[in-house]
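Everything on this sheet refers to the single structure shown next.
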Amino acid sequence: MRRRTPPPPAPLPQRDGVDPVRVRLPVGGAWATVREHLVERLTGAGPGTIESMFADGLVVGADGLAVAPDAPYRAGMFVWFHRELPAEVPVPFPVEVVYRDEHIVVADKPHFLATTPRGTHVAQTALARLRSELGVPTLTAAHRLDRLTAGLVLFTVRPEERGAYQTLFRDRQLRKEYEAVAPYDPTLALPRTLRSRIVKERGVPAAREVAGEPNAETRVELAEHRAGLGRYRLVPTTGQTHQLRVHLASLGVPVLGDPLYPEVTAPVPAGDFRRPLQLLARRLEFTDPVTGTDHTFLSERRLRAWTSYTDWADPDRPHRD
């Protein structure tokens, strides 16, 4: 099988921990210039934005030189530029580094902070912050946690080693344990293992369970309960989008603070950090595929609804992640 030629290295440095955008000009089309193609392709940039970028020399080729506004279109050509970052409300909680060596970084991510740049969350992400704070521009996430979920995330330092660590997740050689606070149901028989088929459609906020061969499996245990609340231990063997939240909701005990399950609710205003989703990636265990070291990491975070339900539920109290 013919291998795809890798793209050349980016000629632009990162900005605030965010990589420049790379665009490869496709085969076909009737564009006369590179500028015409980008104007048509990047419709969300706003009127006149692309023209201004070319005029200011902000679009560059593989040699790092500015691409002229009238540069002819050439299929297969790569160009780079820095996107105009969206206005983001700062997430006022730190990303704690649990472990760091020359191969990996394990971080304890707070609630409300996305793992990697995506959509409207770009600079306010764990990856962008850690790249800047640690001075490691090559840092890359080996997996992702939902923005609303707190806890442990594995990052890789060396691009050539990323695949080895991602294999841990693909081949289920890594044990993940989560903790959730949800209503307590005395009639619910636990522990149990849930298996179902979960699908997440693009553009639809919530995932859903459908008939068919299971693609999601979660072990659910009740660690303790009090005052109508349960503290649940969740051990997934698969990693479908929103899997833990879907499975707990299907048992009739949805995670506290969940805006999607069992029903989609109106989004909270930007900057409202008062009532975080009570889901935490508590434990991460694996054998390092590069060094052979056995690792066990534990989050130091505590779910607020369990330590003080009144403090979590009172909308007038400031959130301390």
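Here, each number is a calculation from the coordinates, and none is a lab measurement. Small disclaimer: the values here were computed from a predicted structure and weren't measured. Because the Cβ atoms are built from the backbone with ideal geometry, glycine has one as well, and the counts that use them run over all protein chains shown.
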Exercise for review: Check each of the GluC sites (Glu not before Pro) in the stretch 174-208 and keep only those in coil by DSSP with at most 16 other C-beta atoms within 10 angstrom; list them in order.
Suggested key: E201
**Study point:** trypsin sites (Lys or Arg not before Pro) lying in DSSP loop within the stretch 142-174, provided at most 15 other Cβ fall within 10 Å
**Key:** R172
Review point. Mean residue ellipticity at 222 nm from the helices of the chain, using -39,500 (n - 2.57) per DSSP H segment of n ≥ 4 over the full residue count, to the nearest 500 deg cm²/dmol?
Key: -4000 deg cm²/dmol
Review point. Once the stretch 1-136 is represented by equal point scatterers at the alpha-carbon sites, with solvent omitted, what log10 I(q)/I(0) does the Debye formula produce at q = 0.16 Å⁻¹?
Key: -0.93
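Counting only other residues whose beta carbon sits under 15 Å from that of Y73, what net charge do I get with K and R as +1, D and E as -1?
On the way: positive: R24, R35, R41, R74; negative: E36, E40, D70.
With Lys, Arg at +1 and Asp, Glu at -1, the neighbours total +1.
Which net charge results when you count Lys and Arg as +1 and Asp and Glu as -1 among the other residues whose beta-carbon is under 13 Å from that of A30? Don't skip to the end; give the middle numbers.
On the way: positive: none; negative: E36, E40.
Once positives and negatives cancel, what remains is -2.
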Exercise for review: For the stretch 219-285 and the stretch 4-36, write down the distance between their C-alpha centroids in whole Å.
Suggested key: 39 Å
Practice item. Taking semi-axes √(5λ) of the Cα gyration tensor in Å as the quantity of interest, determine which of (1) 40, 22, 20; (2) 33, 22, 20; (3) 41, 22, 15 was computed from the displayed structure. Key: (1)
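Counting Lys +1, Arg +1, Asp -1, Glu -1, what net charge surrounds W306 among other residues with beta carbon under 13 Å of its beta carbon?
On the way: positive: R226, R231, R233, R282, R301, R302, R304; negative: E179, E224, D311.
That works out to +4.
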